[in-house]
Structures are given as C-alpha cells and as structure tokens.
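No value in this document is a laboratory result; all are computed from the given coordinates. Since the model is a prediction, treat every value here as computed from it, not as a measurement. Cβ coordinates were reconstructed from backbone atoms using ideal geometry, including for glycine residues, and neighbour counts include every protein chain displayed.
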Amino acid sequence: MTAILLLISGCVKTKVEMPDGPKGDSGLSDYELWVKSVKEGLIDWDKTHLEISDFFIFLKGNEGKAGADGADGADAYEIWKEYISTGNVDDSQNPGSK
C-alpha cells in the first residue's frame with residue numbers, strides 16, 4: 001500500500017508560479033505590457049508564443065547576445081544599467097524622485 005501511495009504522489013504535476021511584479025503607470029506588469037504590445041503588433045514576435053517563458057526568451061535576445069534594442073551587442077541588462085546610470089529615471093518606489 002505504501003508503494004502505491006508513493007507512486008501516486010510522484011505523478012502529481014507541479015506548477016511553479018512567480019510572484020506578481022510591480023505594476024507600471026498603465027497598471028500592467030512588464031510581462032502583461034509585453035503581451036499587449038505583441039498582440040497590438042508593436043513588438044515583432046510570434047503571437048502564438050506569449051507564455052512567461054517566451055517573455056524571458058524575448059528579453060534574452062537571439063542566442064543570448066542582444067535584446068530587442070541590443071543591435072550593438074548589449075543585452076537587456078546592460079542596456080538597463082546604462083539607462084539607470086543616467087540618473088534621469090523615475091523611481092517607481094518613490095514617485096516624483098529619480
């Protein structure tokens with residue numbers, strides 16, 4: 001009986017859910033905004049591939065070398081670091097602050 005219970009419990013699917021990220025001015029998370037932009041044709045991406053894993057692939061870029069804006073070879077993180085280093089970015093945690 002114990003062996004049967006172990007076999008049954010081993011066949012249960014596990015779904016990993018991520019916590020919701022911060023919402024922007026639109027009330028949408030980055031992922032939700034990406035999905036909306038793809039559906040509206042603002043981002044060139046296959047509309048049948050809109051899962052969260054596809055979003056991470058989009059951020060990573062082709063072969064992990066460049067994100068959507070990374071024509072110079074910079075990945076999304078490097079572009080973000082450069083953007084933040086300007087000091088002209090609104091602080092989402094402290095409205096009105098940079």
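DSSP loop (so not H, G, I, E, B), at most 15 other Cβ within 10 Å: list which GluC sites (Glu not before Pro) in the stretch 31-64 pass both filters.
Glu40, Glu51, Glu63
Once you have the Cα-Cα distance between Ser97 and Ser29, take 0.36 nm times their residue separation minus that, and quote the gain in nm to one decimal. Walk me through the numbers before you get to the answer.
Working: separation 68, 0.36 × 68 = 24.48 nm, distance 2.04 nm.
Taking 0.36 nm per residue and subtracting the Cα distance, the gain is 22.4 nm.
When the Karplus curve 6.51 cos²θ - 1.76 cosθ + 1.60 is applied with θ = phi - 60°, which whole-Hz ³J(HN,Hα) does each residue of the stretch 83-89 get, with x for Gly and Pro?
4, 5, 5, 5, x, 9, 9
Report the local net charge at Thr48: Lys and Arg +1, Asp and Glu -1, summed over other residues whose C-beta lies under 15 Å from its C-beta.
-2
With label points built 7 Å along Cα→Cβ from the Cα atoms of Thr86 and Ile57, find their separation and express it in nm.
In this crude label model, Thr86 to Ile57 measures out at 3.1 nm.
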